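Colleague: Shown below is the structure under consideration.
The values are calculated or read from the model by the stated rules, or taken from the named source; none is laboratory data. No experiment lies behind these values; they were computed from the predicted model shown. Neighbour counts run over all protein chains shown; Cβ positions are idealised from the backbone, glycine included.
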């Protein structure tokens, strides 16, 4: 274990895999919700609210999907690189980015 | 403003139903945030420059998830209030419409009610006018002045439309303030997740080998973004690793179940009896939903020696539906079998077919296969009925997908090449035969169970990648039970590969009980996977690369 580390690579990998698993569940939630969300717009054409709901749906589906993908990518990065952290820390710094 | 027709034809209760769905989503997103916290807690002791950057990044994303949950939770009350306002107004409108129609009044788009031009009716057909609006039930029928009644209804209906429109505009304004964009939670145009999701996906004619190379060339960000944004495409793409396809297809399955479930409810709530077309569609939805539930149940089984980890390689509802499910990871298994079922195989009937794959996996393990994956391949529209099975069009249509799938298995397999077997049953043997006759299949061995013919007069008429035509007889195995009903159509698509003269490896299956049609039986046609049937043991041996008996 390199200086500055108090967790080992197995812990990092487990956390990374766990994050990906959470995002898979999030993706599952989004998919089921998106497949079920076609009622108000189709049945209530002419209502401003129906269009507003449709706009909410489209925007939130994209926002949650991108956020989920970002989280999953971060989880992947943790998992895939866990065993190399001790020697490649500086390289990995650049793979995380503030949002 | 909402017009009379729009409000009359609307279903305002749906706003209330949508409210519940948004509430559910808000709760799920909040829960995922809590689950994420548990993972992040494990990183608390991680220190160093990388740790600081990574933890800050993850914390920011976690906060965004929490903010999303809070915002999403503000949407349901708006929709609930809207529904609660509109539903009684809608009921009142329907009553007014009834009154207007009963009194031969017309309603304009803006809610104005007018007497219709007088048309003389036969005396016996003159309806009894209902009471004026507001009069108690049972009161003596009035004979309202049409103009007075029209004026009264106009006032009422226009009030309803005004009130409904106000409620609609208020709700719409509130909802517009809660979009991802309005709340600052939409991804920026340069968000890596968003830009990565725009990564070009290979076209449908790209070879599975090239798909694999493309996938491996992507960054983790690109892969995850594509999975989230274009999962339905990737999940169906041969050349994408099985683990990845399984991940994303489980989401596709959930989406399809929700969509079909909603469409089913709509049909069920239509006025009865349904038209023949609607009834046929409802039956189709029920069948497919049943098949998807069977897949759900199998996916949820805790892996064991008898029931290996399943991988959902394809799911779809087009035609008779698509379901490709591997029992065991085909990318790592030593022996991989593709099971192609025949007549009546569909998404709706896939439950029993998945069980057959489990049974063949167990038989292969019994034959000392070190690791096995058996794949139920419903990647084509099989003939729905036995009369349909007289035509070869279903087999011809299956050729491209079957060939491509086998190429994909090779492309995604890790380590030394696996021993790949294709097992057809009944018309499934014909589908395999046509593909192997017209082209070449990427497999080591073919197994034909209860075949009506495989479009070949001899083994050399069929082609396997890398196998010399003169050696094909050593790579084809076949069996037909003595009392199988398939014997009635023996030779329909060419000589029976189970006949000794065909030149392949014929293996034993139990004869089954004699039936009433020339001694043959429909039941025997489906007994090859029954416990104790020697055919099942032999299929296990073939998968394991052992000799049969």
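Colleague: Identify, by number, the condition in (1) modelled with pLDDT of 90 or more; (2) at the interface with another protein chain (Cβ under 7 Å from one of its Cβ atoms); (3) crowded, with 21+ Cβ neighbours inside 10 Å that residue A:16 doesn't meet.
Modeller: The number of the failed condition is (2).
Colleague: Identify the residue in the stretch B:149-169 that is farther than 13 Å from residue A:53 by Cα, in contact (Cβ under 8 Å) with a residue 60 or more places away in the chain and out of contact with any strand residue (DSSP E or B) (no Cβ under 8 Å at 6 or more places or on another chain) and, among all such residues, is farthest from the other protein chains (Cβ to nearest Cβ). Spell out how you get there, then give the answer.
Modeller: Residues of the stretch B:149-169 farther than 13 Å from residue A:53 by Cα: B:149-167.
Applying the additional criterion that residues be in contact (Cβ under 8 Å) with a residue 60 or more places away in the chain yields B:156-157, B:160-165, B:167.
From the residues that got through so far, the ones that are out of contact with any strand residue (DSSP E or B) (no Cβ under 8 Å at 6 or more places or on another chain) too are B:156, B:160-165, B:167.
Numbers: B:156: 20, B:160: 14, B:161: 11, B:162: 14, B:163: 13, B:164: 9, B:165: 8, B:167: 8 Å.
Residue satisfying both the conditions and the ranking: B:156.
Colleague: Inspect all residues belonging to the stretch B:62-70 and state whether any of them is assigned to a helix (DSSP H, G or I), over 26 Å from residue B:188 (Cβ atoms) and either within 8 Å of chain A (Cβ to nearest Cβ) or at pLDDT 95 or above (or both). Give the steps one after another, and end with the answer.
Modeller: Kept after step one, since they are assigned to a helix (DSSP H, G or I), are these residues of the stretch B:62-70: B:62-70.
When the remaining residues are screened for being over 26 Å from residue B:188 (Cβ atoms), the result is none.
The answer is no; no qualifying residue exists.
Colleague: Now for a separate question. Just to be sure I understand, how many residues within the stretch B:239-281 are surrounded by fewer than 15 Cβ atoms within 10 Å (Cβ to Cβ) and closer than 20 Å to residue B:375 by Cβ?
Modeller: 1
Colleague: Which of (1) more than 11 Å from chain A (Cβ to nearest Cβ); (2) free of Cβ contacts under 8 Å to residues at least 60 places away in the same chain; (3) under 18 Å from the mean Cα position of the chain (by Cα) does residue B:273 not meet, given it meets every other one?
Modeller: (3)
Colleague: Quick one: is residue B:173 surrounded by 13 or more Cβ atoms within 10 Å (Cβ to Cβ) and touching a helix residue (DSSP H, G or I) at 6+ places or on another chain (Cβ under 6 Å)?
Modeller: Criteria not met by residue B:173.
Colleague: A further question on this structure: Checking residue A:76 against (1) facing chain B (nearest Cβ under 7 Å); (2) at pLDDT 80 or above; (3) more than 19 Å from residue B:193 (Cβ to Cβ), which single condition isn't satisfied?
Modeller: Condition (3) is where residue A:76 drops out.
Colleague: Please report, ordered by residue number, the helices (runs of 4 or more DSSP H) entirely within the stretch B:160-238 with at least 3 residues that are under 25 Å from residue B:325 (Cβ atoms).
Modeller: Helices (runs of 4 or more DSSP H) meeting the threshold: B:208-217, B:220-229, B:231-235.
Colleague: Just a yes or no: is a residue in the stretch A:47-59 part of a loop (DSSP other than H, G, I, E, B) and either facing chain B (nearest Cβ under 7 Å) or at pLDDT 95 or above (or both)?
Modeller: Yes - at least one qualifying residue is present in the stretch A:47-59.
Colleague: At the interface with chain A (Cβ under 7 Å from one of its Cβ atoms), assigned to a helix (DSSP H, G or I) and free of Cβ contacts under 8 Å to residues at least 40 places away in the same chain, is that true of residue B:56?
Modeller: yes
Colleague: Moving on to the next point. For residues that are surrounded by fewer than 18 Cβ atoms within 10 Å (Cβ to Cβ) and closer than 19 Å to residue B:81 by Cα, tally how many sit in the stretch B:18-46.
Modeller: 3
Colleague: Do you know which residues across the stretch B:1-49 are modelled with pLDDT under 90, over 21 Å from residue B:167 (Cα atoms) and either assigned to a helix (DSSP H, G or I) or more than 7 Å from chain A (Cβ to nearest Cβ) (or both)?
Modeller: B:44, B:49 - these are the residues of the stretch B:1-49 that are modelled with pLDDT under 90, over 21 Å from residue B:167 (Cα atoms) and either assigned to a helix (DSSP H, G or I) or more than 7 Å from chain A (Cβ to nearest Cβ) (or both).
Colleague: Restricting the search to the stretch B:516-531, which residues are surrounded by fewer than 17 Cβ atoms within 10 Å (Cβ to Cβ) and modelled with pLDDT under 95?
Modeller: B:516, B:517, B:518, B:519, B:522, B:523, B:531, listed by residue number.
Colleague: Looking for whichever is out of contact with any strand residue (DSSP E or B) (no Cβ under 9 Å at 6 or more places or on another chain) and touching a residue at least 40 places away in the same chain (Cβ under 8 Å) here; the options are B:23, B:95. Which one fits?
Modeller: Values: B:95 fails: touching a residue at least 40 places away in the same chain (Cβ under 8 Å).
So the residue among B:23, B:95 that is out of contact with any strand residue (DSSP E or B) (no Cβ under 9 Å at 6 or more places or on another chain) and touching a residue at least 40 places away in the same chain (Cβ under 8 Å) is B:23.
Colleague: Looking only at the stretch B:483-506, decide whether some residue is without any contact (Cβ under 8 Å) to a residue 24 or more places away in the chain, in a loop (DSSP other than H, G, I, E, B) and over 14 Å from residue B:548 (Cβ atoms).
Modeller: For the stretch B:483-506, residues without any contact (Cβ under 8 Å) to a residue 24 or more places away in the chain, in a loop (DSSP other than H, G, I, E, B) and over 14 Å from residue B:548 (Cβ atoms): present.
Colleague: Being under 22 Å from the mean Cα position of the chain (by Cα) and surrounded by 18 or more Cβ atoms within 10 Å (Cβ to Cβ) is the filter here; which residues of the stretch B:377-398 pass it?
Modeller: Across the stretch B:377-398, the qualifying residues are B:377, B:378, B:379, B:380, B:381, B:382, B:383, B:394, B:398.
Colleague: Okay, next question. Quick test for you: out of B:324, B:336, pick the one residue that is within 30 Å of residue B:485 (Cβ to Cβ), touching a residue at least 24 places away in the same chain (Cβ under 8 Å) and either surrounded by 17 or more Cβ atoms within 10 Å (Cβ to Cβ) or more than 20 Å from the chain's Cα centre (by Cα) (or both).
Modeller: After ruling out the rest, the residue left standing is B:324.
Colleague: Something else now. Here is a list: B:299, B:313. Which entry is surrounded by fewer than 22 Cβ atoms within 10 Å (Cβ to Cβ), touching a strand residue (DSSP E or B) at 6+ places or on another chain (Cβ under 8 Å) and either within 29 Å of residue B:442 (Cβ to Cβ) or in contact (Cβ under 8 Å) with a residue 12 or more places away in the chain (or both)? Full working, then the answer.
Modeller: Working: B:313 fails: surrounded by fewer than 22 Cβ atoms within 10 Å (Cβ to Cβ).
Every option except B:299 fails the conditions.
Colleague: (1) within 29 Å of residue B:175 (Cα to Cα); (2) in a helix (DSSP H, G or I): which one isn't true of residue A:80, the others all being true?
Modeller: If we test residue A:80 against (1) within 29 Å of residue B:175 (Cα to Cα); (2) in a helix (DSSP H, G or I), just (1) comes out false.
Colleague: Can you tell which of B:466, B:503, B:491 is on the phi > 0 side of the Ramachandran plot, modelled with pLDDT of 95 or more and surrounded by fewer than 24 Cβ atoms within 10 Å (Cβ to Cβ)?
Modeller: Values: B:466 fails: modelled with pLDDT of 95 or more; B:491 fails: modelled with pLDDT of 95 or more.
That would be B:503, the only listed residue that is on the phi > 0 side of the Ramachandran plot, modelled with pLDDT of 95 or more and surrounded by fewer than 24 Cβ atoms within 10 Å (Cβ to Cβ).
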